[in-house]
Amino acid sequence: MSTTLREPPQSTDEWDPTEEGASIVSRRSDWRRHLIDVERGMSQGMKRESTLYGYMFGLSIVIAAALVLGLSLMQWTVLIVCLTVVLSAELFNMALRTLVPLLRPDSQKEAADALRMGSAAVFATFVGASAAVGLMFVQRVVQMWNG
């Protein structure tokens with residue numbers, strides 16, 4: 001019994017693992033398709049929104065400052081969580097901006113309200129994360145200053 005190996009199509013929506021000729025390896029590669037979806041989502045986010053470029057630039061500055069200040073393991077953990085939450089909130093907001101017009105095209109006022117609330121959620125997340133990271137940096141600078 002011979003099974004021919006073939007590459008699944010680029011779009012995961014078109015690929016059917018039960019289709020004749022689908023390999024066992026292809027059926028077991030759900031995690032690979034998931035990683036491809038993650039990469040495509042990030043690249044679509046970068047193409048669609050210039051705010052992600054701003055976040056990535058700020059993220060690199062914050063990481064560089066953290067390296068210079070020599071943060072502790074717990075501070076690095078908090079920093080990574082803060083940066084991840086802000087990026088996730090922005091990506092969820094972008095998904096909301098994409099989905100709301102499709103779900104409620106007849107109700108523009110409610111759609112605009114939902115989009116404003118999504119933007120407010122991103123702003124609140126950014127302010128909270130900035131405050132936490134700022135406090136960590138100030139504490140570390142004071143520790144370095146006092147010796």
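The values are calculated or read from the model by the stated rules, or taken from the named source; none is laboratory data. As the structure is a prediction and not an experimental result, all values here were calculated from the model. FYI the Cβ positions are ideal-geometry reconstructions off the backbone, even for glycines, and counts take in every protein chain you see.
Filter the range 32-67 down to the residues that are charged (D, E, K, R) and free of Cβ contacts under 8 Å to residues at least 24 places away in the same chain and list them by number. Once the filter is applied, which keeps residues that are charged (D, E, K, R) and free of Cβ contacts under 8 Å to residues at least 24 places away in the same chain, the range 32-67 yields Arg32, Glu39, Arg40, Lys47.
Screening the range 8-60 for residues that are assigned to a loop (DSSP other than H, G, I, E, B), at pLDDT 55 or above and not polar (S, T, N, Q) and picking the one that is nearest to Leu83 (Cα to Cα) gives Glu49.
Applying the condition of being of a type outside the set (Val, Ile, Thr) and under 15 Å from Glu49 (Cα atoms) to the range 100-134 and asking which residue is surrounded by the most Cβ atoms within 10 Å (Cβ to Cβ) yields Gly118. Among the conditions (1) within 18 Å of Arg140 (Cβ to Cβ); (2) in a helix (DSSP H, G or I), Arg116 misses just one, which is (1).
State which residue is farthest from Gly128 (Cα to Cα) when the search covers only the range 68-103 and only residues that are in contact (Cβ under 8 Å) with a residue 60 or more places away in the chain and in a helix (DSSP H, G or I). For the range 68-103, the residue satisfying everything is Leu69. In the range 68-119, the qualifying residues are those that are of a type in the set (Val, Ile, Thr) and more than 18 Å from the chain's Cα centre (by Cα), and the one that is nearest to Met42 (Cα to Cα) is Val100. Looking at this structure, is Ala65 assigned to a helix (DSSP H, G or I), under 20 Å from Val127 (Cβ atoms) and more than 12 Å from the chain's Cα centre (by Cα)? Taking the combined requirement at face value, the residue satisfies it.
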